[in-house]
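Each remark here refers to the structure printed beneath this line.
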Amino acid sequence: MIQLVKPTLSFNEFNLNYGDDNRYELIDGELIEMEPTGLHEQVAAFVGRKLNVEIDRPSLHYFIPHRCLIRLLGTETAFRPDIIVLDQTQLINEPLWQKEPIITLGSSIKLVVEVVSTNWQNDYARKFEDYAVLGIQEYWIVDYLGIGGREYIGKPKKPTITICTLDNEEYHRHLYQNKDILVSLAFPDLQLTPEQIFASV
């Protein structure tokens with residue numbers, strides 16, 4: 001019996017060959033194809049637009065970059081979030097930022113949003129763990145299809161937004177559905193519901 005072993009990539013190899021390609025991220029040296037659909041992109045664009053309005057309103061020193069990788073130092077892992085809100089005042093501490101759009105410190109990140117697609121396990125489990133270890137204070141999982149496991153979104157499964165907030169280095173999940181008003185640490189004045197977000201597709 002022959003067992004095929006997938007070739008592993010170092011972060012440097014990944015960055016050199018795929019750093020500018022939004023279709024891929026790296027998890028433990030494995031190249032992961034993200035396979036976004038048009039509907040996925042519609043949802044991400046809608047959420048990004050709403051967050052930009054909140055950024056402009058109080059003149060915060062936040063911004064949403066067009067391209068950005070989150071690198072977990074000491075690993076061969078680099079995530080490419082659908083939306084990342086950065087704190088411009090913290091970027092002076094980032095070792096790679098001056099040369100490349102790569103973030104390594106959770107303190108630089110106000111909020112990360114992942115729009116769930118077919119590889120939902122990465123969003124609900126792997127990124128949930130790694131973003132907490134990195135110290136990212138707020139992490140949204142936008143499951144517009146309601147395809148996450150029942151242990152994550154309940155039964156019956158339906159479109160859900162999970163907002164994870166960090167407390168003592170662990171995330172606490174808060175589930176939002178239908179007309180629930182999302183509660184965000186980064187944007188306390190945000191008036192947005194899952195229903196509004198899911199109506200964008």
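The values are calculated or read from the model by the stated rules, or taken from the named source; none is laboratory data. Bear in mind that the values here come from a model prediction, so they are computed numbers and not experimental data. Cβ sites come from the backbone with ideal geometry, for glycine too, and all protein chains shown count toward neighbours.
With the requirement that a residue be under 23 Å from Lys50 (Cα atoms) and either touching a helix residue (DSSP H, G or I) at 6+ places or on another chain (Cβ under 6 Å) or buried (at least 20 other Cβ atoms within 10 Å of the Cβ) (or both), what does the range 133-143 give you? Within the range 133-143, Ile136, Glu138, Tyr139, Trp140, Ile141, Val142, Asp143 meet the criteria. The number of residues in the range 160-201 that are closer than 21 Å to Lys127 by Cα and of a type in the set (D, E, K, R) comes to 4.
In the range 147-201, which residues are charged (D, E, K, R) and under 16 Å from the mean Cα position of the chain (by Cα)?
Taking the range 147-201 and keeping what is charged (D, E, K, R), we get 150-151, 155, 157-158, 167, 169-170, 173, 179-180, 189, 195.
Matches in the range 147-201: Arg173 only.
Do we have Ile70 as loosely packed, with under 15 Cβ neighbours inside 10 Å, hydrophobic (A, V, I, L, M, F, W, C) and outside any loop (DSSP other than H, G, I, E, B) here?
Values: loosely packed, with under 15 Cβ neighbours inside 10 Å: no; hydrophobic (A, V, I, L, M, F, W, C): yes; outside any loop (DSSP other than H, G, I, E, B): yes.
For Ile70, the condition - loosely packed, with under 15 Cβ neighbours inside 10 Å, hydrophobic (A, V, I, L, M, F, W, C) and outside any loop (DSSP other than H, G, I, E, B) - is not met.
Annotation note: Cβ proximity below 6 Å between a residue of the range 134-163 that is within 12 Å of Gln177 (Cβ to Cβ) and among the aliphatic types (A, V, I, L, M) and a residue that is part of a loop (DSSP other than H, G, I, E, B) and at pLDDT below 95 (sequence gap 6+ or interchain) occurs for no pair.
Filtering the range 151-178 to residues that are closer than 20 Å to Val115 by Cβ, among the basic types (Lys, Arg) and not in a strand (DSSP E or B) leaves Lys157, Lys158.
When Ile197 is tested against (1) in contact (Cβ under 8 Å) with a residue 24 or more places away in the chain; (2) of a type in the set (Val, Ile, Thr); (3) in contact with a Gly (Cβ under 7 Å, 6 or more places away or on another chain), exactly one condition is not met: (3). Which ones in the range 76-132 are of a type in the set (Lys, Arg), buried (at least 18 other Cβ atoms within 10 Å of the Cβ) and in a helix (DSSP H, G or I)? Passing the criteria: only Lys127.
Within the range 7-42, the set of residues being farther than 20 Å from Val142 by Cβ, part of a loop (DSSP other than H, G, I, E, B) and of a type in the set (A, V, I, L, M, F, W, C) comprises Leu9 only.
Considering every residue within the range 171-190, establish whether at least one is under 21 Å from Asp87 (Cα atoms), surrounded by 14 or more Cβ atoms within 10 Å (Cβ to Cβ), modelled with pLDDT of 95 or more and among the aromatic types (Phe, Trp, Tyr). Looking for residues that are under 21 Å from Asp87 (Cα atoms), surrounded by 14 or more Cβ atoms within 10 Å (Cβ to Cβ), modelled with pLDDT of 95 or more and among the aromatic types (Phe, Trp, Tyr), one finds at least one in the range 171-190, hence yes.
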